[in-house]
Amino acid sequence: MDELRIRAADAADIDGVLAFWAEAAEGTSVSDDRDGVARLIDRDPEALLLAEEDGRLVGTVIAGWDGWRCSLYRLAVHPSARRKGVARALLAAAEERFAALGGRRGDAMVLDDNERAHRAWAAAGYAPQPQWSRWVKPLTGGPTGDGAAVPR
């Protein structure tokens with residue numbers, strides 16, 4: 001792998017990030033639209049981390065910090081760049097961000113059926129906590145983020 005650069009996304013990156021997620025990420029999120037990503041960047045300009053190789057987007061992670069929790073979302077690596085250290089570099093950058101902010105533990109949202117992601121997260125030192133479940137209440141009339149429509 002050539003030189004890998006990790007940087008925070010800005011508004012000019014939004015369309016490229018959305019196109020990248022459509023190709024490289026597993027599943028979708030209710031916030032996978034221009035407005036959702038713009039709100040993230042406006043609220044926390046350092047949260048959406050991009051990995052670039054020769055100017056080409058090869059990976060992303062959202063390293064969200066709310067003052068209480070360190071939350072990781074949308075870890076995605078382009079298929080052509082997998083198993084080359086991109087996820088490891090993104091997670092290291094996220095963990096450095098969290099440590100600088102006073103964070104104590106990184107919590108990752110990982111799809112149950114995404115075995116490839118399970119291996120990547122485990123290799124980075126993360127483990128599932130079987131005593132916890134995610135409880136969700138959609139706040140809009142749109143998709144829930146898992147492909148199902150929100151009941152009305």
Residue list for region 36-79, restricted to those being without any contact (Cβ under 8 Å) to a residue 12 or more places away in the chain and of a type in the set (Phe, Trp, Tyr): TRP68
Residue under evaluation ALA89, criteria (1) within 19 Å of GLU3 (Cβ to Cβ); (2) open to solvent by 100 Å² or more (accessible area, probe 1.4 Å), criterion not met: (2)
Search result, residues across region 36-73 that are basic (Lys, Arg) and within 19 Å of GLY106 (Cα to Cα): ARG69
Some residue of region 96-105 being open to solvent by 50 Å² or more (accessible area, probe 1.4 Å), outside any loop (DSSP other than H, G, I, E, B), more than 18 Å from ASP10 (Cβ to Cβ) and basic (Lys, Arg): no
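Name every residue in region 36-57 that is part of a strand (DSSP E or B) and under 13 Å from the mean Cα position of the chain (by Cα), in order of residue number. Quick ask: steps written out before the conclusion?
Of region 36-57, the ones part of a strand (DSSP E or B) are 48-53, 56-57.
Answer for region 36-57, where residues must be part of a strand (DSSP E or B) and under 13 Å from the mean Cα position of the chain (by Cα): LEU48, LEU49, LEU50, ALA51.
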Residues of region 58-72 satisfying the condition of being on the phi < 0 side of the Ramachandran plot and either outside any strand (DSSP E or B) or acidic (Asp, Glu) (or both): ASP66, TRP68, ARG69
From LEU75, LEU111, residue being open to solvent by 40 Å² or more (accessible area, probe 1.4 Å), under 21 Å from ALA19 (Cα atoms) and part of a loop (DSSP other than H, G, I, E, B): LEU111
Unique match (being open to solvent by 20 Å² or more (accessible area, probe 1.4 Å), over 18 Å from ARG116 (Cα atoms), over 15 Å from the mean Cα position of the chain (by Cα) and touching a residue at least 12 places away in the same chain (Cβ under 8 Å)) among ASP33, ASP15: ASP15
Checking ALA24 against (1) open to solvent by 60 Å² or more (accessible area, probe 1.4 Å); (2) in contact with a Pro (Cβ under 8 Å, 6 or more places away or on another chain), the condition it does not meet: (1)
Odd one out for HIS118 among (1) free of Cβ contacts under 8 Å to residues at least 40 places away in the same chain; (2) surrounded by fewer than 19 Cβ atoms within 10 Å (Cβ to Cβ); (3) farther than 23 Å from ARG134 by Cβ: (3)
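The values are calculated or read from the model by the stated rules, or taken from the named source; none is laboratory data. All figures in this text were calculated on a predicted structure; none of them were measured in a lab. Positions of Cβ are generated from backbone atoms using ideal geometry, with glycine treated the same way; all protein chains shown enter the neighbour counts. Each accessible area value is taken on the protein alone, full model and side chains, heavy atoms only, with ligands, DNA and RNA left out. Shrake-Rupley method; radii C 1.70, N 1.55, O 1.52, S 1.80 Å.
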